[in-house]
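Quick notes on the structure that follows.
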Amino acid sequence: MQQGKIIIFSAPSGAGKTTIVKHLLQVNPKLAFSISACTRDKRGRAEENGKDYHFITPEDFKKRIENDEFVEWEEVYEGAFYGTLKSEIERIWASGKNPILDVDVKGGLKIKQFYKDRALAIFVKPPSVEELAKRLTARATDSASSISSRVFKAEFEMKFENQFDEVIVNDNLETACAKAEKLVSAFLDDEVTVA
Ligand code: ADP
Ligand code: 5GP
């Protein structure tokens with residue numbers, strides 16, 4: 001099987017990783033988005049099935065766990081399962097590109113452990129938890145209870161930043177995107193890191 005590298009972006013929800021990942025996909029043609037499977041409801045017209053996520057039923061998700069189809073999966077929020085399908089990584093490698101993943105903090109560290117030097121794990125850090133809550137409210141895509149569970153989880157996730165290869169503070173978006181571009185290009189251009 002053809003193998004490339006993997007770029008992992010993890011952060012507390014609302015820190016800005018989706019925004020940064022979308023920017024990288026626009027400027028770096030070597031990247032392709034790894035579409036996770038998930039069981040939560042689609043956010044109206046803001047999301048598309050098969051583009052943002054493969055929105056599947058909990059029964060289908062369970063069947064895929066039993067068939068060992070995931071590199072990694074997790075119940076990220078109560079009742080909401082998310083996972084990276086092996087077939088997705090292989091599809092992207094077969095196309096000659098490198099998958100870029102937007103996953104939660106625990107999932108990101110699991111994937112890094114699995115792919116080791118083949119993976120670059122980047123933690124996107126919000127300037128503060130207060131700012132994170134403001135951004136989630138302004139994004140207006142989640143209910144109040146969904147926002148509070150995300151903020152609660154963020155307090156815990158912030159403790160893991162030291163376990164990542166790189167940390168990007170997303171205060172000024174332009175600066176954060178520029179740093180992300182630089183880190184990702186350097187990693188993809190470095191022949192030595194792949195065993
Ligand atoms: P995540 O994918 O980590 O949940 P998003 O990329 O969806 O986060 O960003 C959360 C919200 O914050 C979005 O509405 C986005 O436009 C906004 N945002 C992202 N970066 C910044 C920034 N540096 N300053 C202010 N708002 C931002
Ligand atoms: P959201 O519901 O806001 O799209 O995503 C919630 C969280 O799930 C985010 O932190 C997102 O990165 C994470 N997530 C998305 N896909 C995966 C995945 O395949 N595995 C894991 N562990 N988390 C994921």
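The values are calculated or read from the model by the stated rules, or taken from the named source; none is laboratory data. All figures in this text were calculated on a predicted structure; none of them were measured in a lab. For neighbour counting, all protein chains shown are included, and Cβ atoms are generated from backbone atoms with ideal geometry for every residue, glycine included.
Starting from segment 166-185, take each residue that is more than 21 Å from Lys97 (Cβ to Cβ) and near ligand 1 (Cβ under 9 Å from one of its atoms) and list its partners that are outside any helix (DSSP H, G or I) and not aliphatic (A, V, I, L, M), counting only C-beta distances under 6 angstrom and pairs at least six apart or across chains.
Close Cβ pairs (under 6 Å, with a partner that is outside any helix (DSSP H, G or I) and not aliphatic (A, V, I, L, M)) amount to Asn170/Gly16; Asp171/Pro127; Ala176/Asn170.
Does Lys110 satisfy being closer than 22 Å to Glu72 by Cβ and without any contact (Cβ under 8 Å) to a residue 60 or more places away in the chain?
yes
State which residue pairs qualify: first residue without any contact (Cβ under 8 Å) to a residue 12 or more places away in the chain and inside segment 6-28, second residue assigned to a strand (DSSP E or B) in any location, beta carbons under 9 Å apart, and separation of 6 or more residues or different chains.
Close Cβ pairs (under 9 Å, with a partner that is assigned to a strand (DSSP E or B)) amount to Lys22/Phe33.
If I ask for residues that are out of contact with any strand residue (DSSP E or B) (no Cβ under 7 Å at 6 or more places or on another chain), more than 19 Å from Tyr77 (Cα to Cα) and of a type in the set (S, T, N, Q), which ones from segment 19-67 would you list?
Once the filter is applied, which keeps residues that are out of contact with any strand residue (DSSP E or B) (no Cβ under 7 Å at 6 or more places or on another chain), more than 19 Å from Tyr77 (Cα to Cα) and of a type in the set (S, T, N, Q), segment 19-67 yields Thr19, Gln26, Asn28, Asn67.
So is Glu47 within 15 Å of ligand 2 (Cβ to nearest atom), surrounded by 13 or more Cβ atoms within 10 Å (Cβ to Cβ) and more than 30 Å from Asp189 (Cα to Cα) or not?
Against the criterion (within 15 Å of ligand 2 (Cβ to nearest atom), surrounded by 13 or more Cβ atoms within 10 Å (Cβ to Cβ) and more than 30 Å from Asp189 (Cα to Cα)), Glu47 qualifies.
I'd like to verify a number: residues in segment 41-59 that are within 25 Å of Lys112 (Cα to Cα) and within 13 Å of ligand 1 (Cβ to nearest atom), how many?
So the count comes out to 2.
Return yes when Arg40 is among the charged types (D, E, K, R), within 12 Å of ligand 2 (Cβ to nearest atom) and either in a helix (DSSP H, G or I) or modelled with pLDDT under 95 (or both) and no when it is not.
yes
Which residues, taken from segment 80-110, are away from ligand 2 (no atom under 14 Å from the Cβ) and hydroxyl-bearing (Ser, Thr, Tyr)?
Residue satisfying the conditions is Ser95 alone.
From the list Lys62, Lys17, Lys22, which one is surrounded by fewer than 16 Cβ atoms within 10 Å (Cβ to Cβ), at negative phi and within 16 Å of ligand 1 (Cβ to nearest atom)?
Just a single option satisfies the conditions, and that option is Lys22.
So, in segment 150-165, exactly how many residues are free of Cβ contacts under 8 Å to residues at least 40 places away in the same chain and under 15 Å from the mean Cα position of the chain (by Cα)?
Looking only at that region, the number is 1.
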